[in-house]
Amino acid sequence: MTYKFILFEKIDKVGLITLHRPEVLNALGESLIDELGTALKDCENDSDIHCMVLMGSEKAFAAGADIKEMQAKIYSEAYLEDFITKGWEKVSACRKPIIAAVSGYALGGGCEIAMMCDLIIAAESAKFGQPEVTIGILPGAGGTQRLTRAIGKSKAMDLCLTGRLMEAQEAERAGLVARIVPDNKLKEEAFAVAHKIASYSLPVVMMIKESVNRAFEVPLSEGLRFERRLFQASFSLDDQKEGMAAFLEKRTPKFKGK
Ligand code: DAK
C-alpha cells in the first residue's frame with residue numbers, strides 16, 4: 001500500500017506510522033485520516049505486529065483537523081454525513097497498543113488523536129492544546145471528554161475555554177503525558193517502550209489495554225469483575241505457563257502469543 005499523507009514502516013514487531021503533511025503542520029485532512037485508519041487496520045491484521053508508534057514531525061505532531069477543509073462546511077452537510085467521525089473512530093477502536101510520540105504542536109484534533117492512543121511520550125518541545133474556541137468551534141473528537149478525564153475539570157476548562165497551550169512539563173505534571181524525553185531521543189525512546197511491550201504475550205498485552213480502557217466506561221465494581229475474568233482467562237494461555245516457568249527457572253520467557 002502506498003500512502004500520500006503518512007509514512008509506514010514495520011520495524012521488528014512494531015508498526016511505525018508517521019504523519020506526513022509538513023506544509024500544513026500535519027493538519028488532519030479526511031484523506032490523511034483515511035490513510036491512518038487503513039494503516040492501523042493493516043497493523044491489526046498483521047500478526048507479526050504487536051504494537052504501533054504514531055508520530056509527526058519535529059515541529060508538529062499535528063496542528064488539528066484541516067481548517068481549510070472544514071471552513072465552508074454547513075450544518076446540514078456535517079450532520080447528514082456525520083462529518084469526520086468514521087475515520088477518527090478507527091484510532092480509538094484499535095485493539096493493539098498505540099504509543100503517541102509527540103514533538104511540537106499537538107493541537108485540537110492532534111491532541112485528541114494523541115489522547116486516543118494508549119500512552120503519550122512527549123519531547124521537551126511538545127505543546128498540547130484545544131484551541132478550537134479561537135476559531136469559533138468546540139473540540140469534537142474527545143477534547144472535552146478524554147482531556148477532562150486525563151487532567152481534571154479545572155485544567156481542561158482552562159485549556160478548552162481559553163485555547164492556551166500547555167508545555168510538556170505541565171502536561172506530564174497534569175497526567176496527560178507518561179514520560180518526557182529530550183527532542184533528539186523521542187523516536188528512540190518511543191521505540192524502546194514499543195519493543196518492550198512487543199516482547200510480551202500479545203493476547204495479554206491486548207487484555208491489559210482492554211481492561212484499563214474499561215475503567216473509563218463502567219463503575220468500579222464492573223471494572224474489577226471484568227479485570228478478574230480476563231485475569232482468570234489468562235490461565236488458559238500457554239504464555240502464562242511459559243512466563244511463570246521462565247521466572248522459576250531464572251530464564252527469559254519465550255512468549256508465543258497463545
Ligand atoms: N488546518 C489547516 N492548515 C493548517 C492548520 C490546520 N489545523 N494548522 C496550520 N496550518 C497551515 C497554516 O495555514 C500554514 O499554511 P500556509 O499559510 O503556509 O499555506 C502552515 O500550516 C504553517 O502554519 P503557520 O504559518 O500558522 O505556523 P506557525 O508556526 O506560525 O503557527 C500553529 C503554528 C500551530 C500555532 C498555527 O498554525 C495554528 O494555530 N494552527 C491552527 C491550530 C488549530 O486551531 N487547531 C484546531 C483545529 S480544529 C472531529 C474530529 C476532529 C476535530 C473535530 C471533530 N470529529 C471526529 C467529529 C478537530 C478539530 C480541530 O482540530
- Averaging sequence separations of C-alpha pairs under 8 Å and six or more residues apart, then dividing by the length of the chain, give the relative contact order as a whole percent. 16 percent
- Item | R0 of 35 Å, Cβ-Cβ distance SER234-GLU188: FRET efficiency to nearest 0.05 | 0.65
- Query: Could you give the nm distance between label points at ALA78 and GLU210, where each point is 7 Å from its Cα heading toward the beta carbon?
  - Reply: 3.6 nm
- Shape call, segment 175-222: gyration tensor on alpha carbons, a/c limit 1.5: oblate
- Using alpha-carbon coordinates, inclination of helix 202-214 to the longest axis of the chain, degrees: 50 degrees
- Item | Three-way shape call for the chain based on the alpha-carbon gyration tensor, with the a/c threshold at 1.5 | prolate
- Karplus-derived 3J(HN,Hα) from phi for segment 126-142 (6.51 cos²θ - 1.76 cosθ + 1.60, θ = phi - 60°), whole Hz, x at Gly and Pro, runs 5, 9, 10, x, 10, x, 3, 4, 6, 10, x, 9, 10, x, x, 10, x
- Other-chain or far-sequence residues with amide H under 5 Å of GLN130's (modelled H): GLY108
- Using the Kirkwood radius built from alpha carbon pairs, what does the Stokes-Einstein equation give as D for segment 48-113 at 4 °C and 1.567 mPa s, in µm² per second? 95 µm²/s
- Whole-Hz Karplus ³J(HN,Hα) for segment 38-43, in order, using 6.51 cos²θ - 1.76 cosθ + 1.60 and θ = phi - 60°, x for Gly and Pro? 5, 5, 5, 5, 4, 5
- Message: Report D for segment 115-169 in µm² per second (integer): Stokes-Einstein, Kirkwood Rh on Cα pairs, 10 °C, 1.306 mPa s.
- Response: 137 µm²/s
- Note on the structure: Heads up, segment 154-250 by the C-alpha gyration tensor (a ≥ b ≥ c square roots of eigenvalues; a/c under 1.5 rounded, else a/b over b/c prolate, else oblate) looks oblate
- Message: Connecting C-alpha atoms closer than 10 Å in a GNM of the chain, tell me which of TYR75, TYR200, TYR105 has the biggest fluctuation.
- Response: TYR75
- For segment 82-233, what mean projected area does the convex hull of the alpha carbons give, in nm²? 9.9 nm²
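No value in this document is a laboratory result; all are computed from the given coordinates. All values reported here derive from a predicted model rather than from experimental measurement. Cβ sites come from the backbone with ideal geometry, for glycine too, and all protein chains shown count toward neighbours.
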